[in-house]
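Heads up: the structure comes next, in structure tokens.
The values are calculated or read from the model by the stated rules, or taken from the named source; none is laboratory data. This is a predicted model, so every value here is computed, not measured. Here the Cβ positions follow ideal geometry from the backbone for every residue, glycine too, while neighbour counts run over all protein chains shown. Each accessible area value is taken on the protein alone, full model and side chains, heavy atoms only, with ligands, DNA and RNA left out. Shrake-Rupley method; radii C 1.70, N 1.55, O 1.52, S 1.80 Å.
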Amino acid sequence: MLATNTGYVVRRLENAPTVPCPCGESTRPLTSADTPTCSLHVTSINDSIRHYHRETTEVYYILEGRGQMELNGDLVEIEPGMTILIEPNTRHRLASSQGVRTIVFSVPAFRPDDEYFD
């Protein structure tokens, strides 16, 4: 169910669009089209492209898989149950030979024009 102009949005994950992204594949139950306040994506990642956001803070919650996250040049081993806060202007990428499934919560909502690659 999706309600507009009512003060809320309710959507099941299986009803959300799944799109290719520089990280892999992302199912997006809450996007900037719903609200500029925040977004929530469930993303499958094998080897993302290093990037950063000038405005957006991201929080990753690792659901499945293990790998390494590069954060401003530091390598962090990640595994299920971990939370990673990524502030604006932090260069980051995630690599995993087995693949990682993660929730990505963004404030303000993710916008493609706030994704920069170097």
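State which residue pairs qualify: first residue farther than 19 Å from R50 by Cβ and inside region 66-83, second residue open to solvent by less than 50 Å² (accessible area, probe 1.4 Å) and part of a loop (DSSP other than H, G, I, E, B) in any location, beta carbons under 9 Å apart, and separation of 6 or more residues or different chains.
Filtered contacts from region 66-83: E79/G65; P80/G65.
Just to be sure before I move on: is P80 under 14 Å from the mean Cα position of the chain (by Cα) and either of a type in the set (D, E, K, R) or farther than 14 Å from C21 by Cβ (or both) in the structure I sent?
Spelling it out, it is not the case that P80 is under 14 Å from the mean Cα position of the chain (by Cα) and either of a type in the set (D, E, K, R) or farther than 14 Å from C21 by Cβ (or both).
Would you be able to tell me the number of residues in region 53-76 that are aliphatic (A, V, I, L, M) and in contact with a Phe, Trp or Tyr (Cβ under 7 Å, 6 or more places away or on another chain)?
Looking only at that region, the number is 1.
Looking at region 84-105, which of its residues are charged (D, E, K, R) and in a strand (DSSP E or B)?
Matches in region 84-105: R93, R101.
Just checking, does region 70-79 include any residue being within 28 Å of R11 (Cα to Cα), open to solvent by less than 40 Å² (accessible area, probe 1.4 Å) and hydrophobic (A, V, I, L, M, F, W, C)?
Scanning region 70-79, I find no residue that is within 28 Å of R11 (Cα to Cα), open to solvent by less than 40 Å² (accessible area, probe 1.4 Å) and hydrophobic (A, V, I, L, M, F, W, C), so the answer is no.
Going through region 21-35 one residue at a time, which ones are of a type in the set (D, E) and either farther than 26 Å from A95 by Cβ or in a loop (DSSP other than H, G, I, E, B) (or both)?
D34
Suppose we filter E55, E64 for residues that are under 15 Å from the mean Cα position of the chain (by Cα), open to solvent by 90 Å² or more (accessible area, probe 1.4 Å) and closer than 21 Å to D118 by Cα; which single one remains?
One residue alone meets the criteria, E55.
Consider A33 against the criteria (1) closer than 20 Å to A109 by Cα; (2) in contact (Cβ under 8 Å) with a residue 24 or more places away in the chain: it satisfies all of them except one. Which criterion is unmet?
The one condition A33 does not meet is (2).
Just name the residue that is surrounded by the most Cβ atoms within 10 Å (Cβ to Cβ) out of those in region 26-52 that are at pLDDT 95 or above and of a type in the set (D, E, K, R).
Here the residue is R28.
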